[in-house]
């Protein structure tokens with residue numbers, strides 16, 4: 001054991017103080033030395049030493065000065081956004097979106113890239129490397145400065161190892177050792193997570209799940225998913241398959257709604273939404289066309305959502321019975337489009353026909369919720385890596 005890791009030694013105390021100071025810069029943004037003294041309770045000389053050390057490590061930099069009292073102005077310092085950089089990637093069946101992420105969550109351009117639909121034209125390394133190159137080009141960042149990537153996929157990620165399950169929208173991607181292959185090829189840290197679980201992180205921090213003890217995010221898109229946030233932690237299950245509700249068989253109570261539906265995907269998934277649009281007189285051969293039609297015709301949207309709400313209510317009953325969350329959030333393109341009216345209609349159906357009386361709300365994240373959640377997880381990973389750097393000094 002080296003001196004710097006022994007509690008109570010000068011090196012250990014320096015590391016602990018530096019970690020405390022860096023955490024305060026993350027929390028408060030710009031700080032002066034005097035403000036750092038007030039927040040930590042440490043002496044002015046100690047605070048000055050912390051600032052000097054963090055500045056020498058290129059983790060913070062001087063950003064300006066503040067005045068307002070007699071005497072010289074006090075220099076302000078803040079975290080250097082480029083001290084650690086990553087790329088967040090959201091991959092679905094048709095396209096992927098990517099953006100550069102830094103330590104301070106600075107807004108940077110998002111690129112959207114179409115994807116080939118055949119396995120021979122796709123691979124994990126090819127897809128992710130392309131996302132990194134395009135995102136860094138758009139942000140004006142050298143791709144060699146990227147140290148980590150977080151990839152959102154439509155599938156389950158087994159936390160026991162490195163395997164993907166239910167990943168039908170990833171042609172050309174193997175089902176085993178995916179993260180390891182990416183890290184070996186790209187030379188950076190890689191995180192792969194379920195897209196709906198990542199969207200739940202965004203709902204927790206700035207959406208309809210903010211401030212709640214628990215909530216469930218029902219993802220209503222081309223595919224389905226259910227993320228369960230319990231006390232601020234997303235429940236992923238033993239094999240990472242928690243929330244893959246699209247494969248759940250339709251209960252007998254749904255026969256009157258749709259006698260042909262066999263599972264929840266066929267009851268409320270993208271194909272069914274397109275069919276509901278056609279039955280209401282709209283034109284839509286695909287889910288994406290259905291969403292476009294609903295956006296452009298409010299009367300059509302209202303009619304389709306009235307038919308859709310009882311189906312969603314059926315899909316929510318297992319989550320209510322097993323989890324009883326404080327709130328159900330309806331996300332995905334269909335949930336966002338239905339908005340508060342759909343949420344209210346679903347809650348009304350459940351209250352009329354069951355013993356439950358849930359709080360149902362529309363998503364609070366207007367655009368790219370999955371990418372936003374991937375970015376938030378990546379920010380946490382980047383900050384953890386910076387703290388690790390301090391521990392190794």
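Per-structure values
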{"read-out": "Rounded Å value of the spacing that divides the Cα centres of the stretch 253-299 and the stretch 118-173", "value": "30"}
{"read-out": "Protection proxy ranking, peptides 150-156, 375-381, average beta carbon neighbours within 10 Å, highest first", "value": "150-156, 375-381"}
{"read-out": "Estimated FRET transfer efficiency (residue 299, residue 366; beta-carbon r; R0 22 Å; 0.05)", "value": "0.45"}
{"read-out": "Burial order of peptide ranges 323-331, 249-257 (average beta-carbon count within 10 Å, highest first)", "value": "323-331, 249-257"}
{"read-out": "Relative contact order %, the stretch 214-335, counting alpha carbon pairs below 8 Å whose residues are six or more apart", "value": "33"}
{"read-out": "Burial ordering of 179, 288, 117, fewest other beta-carbon atoms within 10 Å first", "value": "117, 288, 179"}
{"read-out": "Percent antiparallel among DSSP beta bridges (both partners in the chain, rounded to 5)", "value": "65"}
{"read-out": "Nitroxide proxy distance, nm - points 7 Å out along Cα→Cβ at residue 121 and residue 106", "value": "3.5"}
{"read-out": "Highest to lowest packing among 128-136, 10-18, scored as the average C-beta count within 10 Å", "value": "128-136, 10-18"}
{"read-out": "Segment residue 65-residue 176, extension gain: residue separation times 0.36 nm, minus the distance between their alpha carbons", "value": "34.7 nm"}
{"read-out": "MRE, 222 nm, helices only [DSSP H, n ≥ 4, -39500 (n - 2.57), over the chain, to nearest 500]", "value": "-14500 deg cm²/dmol"}
{"read-out": "Cβ-derived FRET efficiency at R0 56 Å, residue 324 paired with residue 143, nearest 0.05", "value": "0.75"}
{"read-out": "Inter-label distance for residue 82 and residue 27, nm, one decimal - labels placed 7 Å from Cα along Cα-to-Cβ", "value": "2.9"}
{"read-out": "Two-site FRET efficiency, residue 48 against residue 20, from Cβ-Cβ distance with R₀ of 22 Å, rounded to 0.05", "value": "0.90"}
{"read-out": "Extended-chain gain in nm, criterion 0.36 nm per residue less alpha-carbon gap, residue 38 and residue 241", "value": "68.4 nm"}
{"read-out": "Computed over the chain: relative contact order in percent, which uses C-alpha pairs under 8 Å that are six or more apart", "value": "15"}
{"read-out": "Point-to-point label distance, residue 348-residue 283, nm (Cα→Cβ direction, 7 Å offset)", "value": "3.2"}
{"read-out": "Percent antiparallel among DSSP beta bridges (both partners in the stretch 208-364, rounded to 5)", "value": "60"}
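Bear in mind that the values in this text are calculations on the coordinates, not laboratory data. Keep in mind it's a predicted model, so treat the numbers as computed, not measured. Reconstructed Cβ throughout: ideal geometry from the backbone, glycine too, with neighbour counts over all protein chains shown.
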